[in-house]
Amino acid sequence: MIIYLHATSPTSPCPRCGTPGSRVHSRYQRTVADVAFGGRRLMLKLLVRKWVCRVSSCPQRIFAERFLGFVQRYARMTERLNEALQSVGVTTNGADAARILSRLGMPTTAKTIIRRVLQLPLPSEGSVRKIGIDEWAWKKGHRYATILVDLEQRRVVQLLSDRSVETSKAWLRMHPEIEIISRDRGKLFREAAMGGAPQAQQVVDRFHLQKNFAEALEKFFRHKTRVLKTAARSLAGTAHPSPKTKVPQKAERERRGRHRQRVAVHKRVWKLFREGYHKERIAQLVGISSRSVYRILQQQDAPPPRRRSRSHSVVDPYLSYLTERWNQGCHSGGQLYEEIRAQGYPGSRRTLERQLHAFRPHGSHVVTKHVITLGKAPSARGTALMIVRPAQNRTKEQTAYLAQLIQSDSTATLAIALAQDFGQLVRQREGKLRLEQWQSAVRASGIAELIEFVDGLADDAEAVVNGCTQCWSNGLVEGFVNKVKAIKRSSYGQAGFPLLQRRVLLHPAQTSHMQRAQSPKPDRDSVDREGPCSSRETRKRLPKHDDRRRTYESHSLSYPDTVM
């Protein structure tokens, strides 16, 4: 569809001196694309007049009339079409935006979309009182950046292009109004907060506290491998594991070769570490992940040979149901096969019978699925995560295993009790006094790994106390990190960090939060007296991060100086 337009104003001002033109010098036609009309592509043929400036001293002797708010100089599309391209480009990536707009009657290319989005200015950060700071991986193990989230308004305030103390410190100095900084236990953000916002209270994230404590538990249970296996065997109702089949010589040689390779890697990592290399650099030199380097450095002794364990079976997802039906008296393999087949079991009856063979020696006695999984006791890490998990979130098998583990070893019993106390302390935010009592109990227990964890808290004692007292945490920040990663992956690496920054900060959901933030708020003093998150009524004042509440605004422009 083509529409012909021309201006109806009797004259036009000179862009240099502002004097109205004296007479028309000439005319020319511009072709400008506009937003679609009825799903059809719309092109505007705009007749433009050139005027002669009447001021003889003006350097602009001849000028073309301009249509401010309608189309820019030399532009091939109207302002509202440019805004439409930018809106769709911010919401999705360039290629998808180009396909969507082409279907809507506004054909364009992905590069044009990206170029228009990059022209958008970054939004104002505004005033921030409670901030959450964390890192996110631009390329895992190689390049990291920083995200800052307003915990009150539940929005991303800024993305920083790197993960450094100087960059974070410089940003924090620009916001002297910050009162709370929620972070993990890393030294990087601790130093940035101390140097950039010394007036703010630092709060350690409770999830990271639990994670670090689980790592200490994992170190403890690495020395309790025999206890873990004994508990699993006792739970399975047998004192000894089932007889093992003889390993072929070729497989045994391959296993010994892999063990020698692990020992060599272990020795090289420790050699480089003693020579003063950084852990990330060690990972690059050895050719392993940084997580593996950290795990190796936690154990100075060479790793022992790995023992064969039971491999995964297609029956495993149905073991809980099979043990329940077996204890109810159903010992027919055919009937059990038909029941789990109706639930989606893809294996054969012979495979099921082979797994049920371990149940039959027990007769009418109560059995658990550990009778089948006997050869693979929970690992040290799995046991630690099992312990720190809330009791209501554990499975029946996990609860039974922990009960058996408590009966098997007194030191493990004490470690589990301390873990449960710490979990309640962190989740209920029981405060400084309760934390000090728990630390005293850990030191009295004599468990070296847990004492080391408690001693490590002394370097960041005030922030740890605040984390066990106040409600602020990095849970919201972690959610936004996932959103940033999803947006990054959907862009397929196009245009790098500047495009990602605009897609995150100018996203429609982000702008809707900023609009709510500018709405009238309750008195600040009354909010502070009641406590920022101590009551349900106060929490209702905070805007909710709900995608269903996104608002999309359409702007209609009027152009009184043009006619068709």
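Points worth noting:
- Answer from GLN407, GLN437 - the residue that is closer than 30 Å to TYR321 by Cα, open to solvent by 70 Å² or more (accessible area, probe 1.4 Å) and out of contact with any Lys or Arg (no Cβ under 9 Å at 6 or more places or on another chain): GLN407
- Listing of strands (runs of 3 or more DSSP E) fully contained in the range 5-74 that carry 1 or more residues being small (Gly, Ala, Ser): 21-37, 62-64
- Residue list for the range 142-154, filter: part of a strand (DSSP E or B), in contact (Cβ under 8 Å) with a residue 60 or more places away in the chain and more than 15 Å from ILE178 (Cβ to Cβ): ALA145, ILE147
- Number of positions in the range 37-69 that are surrounded by 18 or more Cβ atoms within 10 Å (Cβ to Cβ) and under 14 Å from ARG80 (Cα atoms): 3
- Answer from LEU217, LEU188 - the residue that is more than 17 Å from GLU135 (Cα to Cα) and either among the aromatic types (Phe, Trp, Tyr) or part of a helix (DSSP H, G or I) (or both): LEU217
- Test: residue in the range 83-103 that is assigned to a helix (DSSP H, G or I), farther than 20 Å from LEU499 by Cβ and among the small types (Gly, Ala, Ser): yes
- Hits in the range 111-125 - residues which are open to solvent by 30 Å² or more (accessible area, probe 1.4 Å), part of a helix (DSSP H, G or I) and more than 10 Å from ARG502 (Cβ to Cβ): LYS111, ARG115, ARG116
- Flag if VAL465 is assigned to a helix (DSSP H, G or I), touching a helix residue (DSSP H, G or I) at 6+ places or on another chain (Cβ under 6 Å) and open to solvent by less than 60 Å² (accessible area, probe 1.4 Å): yes
- Matching helices (runs of 4 or more DSSP H) fully within the range 256-363 where at least 2 residues are under 30 Å from ALA216 (Cβ atoms): 279-286, 290-297
- Of residues in the range 266-293 being open to solvent by 100 Å² or more (accessible area, probe 1.4 Å) and of a type outside the set (S, T, N, Q), the one nearest to the chain's Cα centre (by Cα): ARG291
- Single condition GLY493 does not satisfy, out of (1) within 18 Å of TYR144 (Cβ to Cβ); (2) part of a helix (DSSP H, G or I): (2)
- Scanning the range 460-494 for residues that are touching a residue at least 60 places away in the same chain (Cβ under 8 Å) and more than 22 Å from the chain's Cα centre (by Cα) returns ASP460, GLU462, ALA463, VAL464, ASN466, CYS468, GLN470.
- If you go through the range 122-146 and pick out every residue that is of a type in the set (D, E, K, R) and either at pLDDT 90 or above or outside the structural domain of VAL477 (by the TED database) (or both), you end up with 5.
- GLU166 fulfils the conditions (1) open to solvent by less than 60 Å² (accessible area, probe 1.4 Å); (2) under 30 Å from ILE282 (Cβ atoms); (3) part of a helix (DSSP H, G or I) except for a single criterion, (1).
The values are calculated or read from the model by the stated rules, or taken from the named source; none is laboratory data. Note that the coordinates shown come from a computational prediction; the quantities given were computed from them, not determined experimentally. When we count neighbours, we look across all protein chains shown, and the Cβ atoms used for this are built from the backbone with ideal geometry, even at glycine. These accessible areas exclude ligands, DNA and RNA; they are computed on the full protein's heavy atoms, side chains included. Shrake-Rupley method; radii C 1.70, N 1.55, O 1.52, S 1.80 Å.
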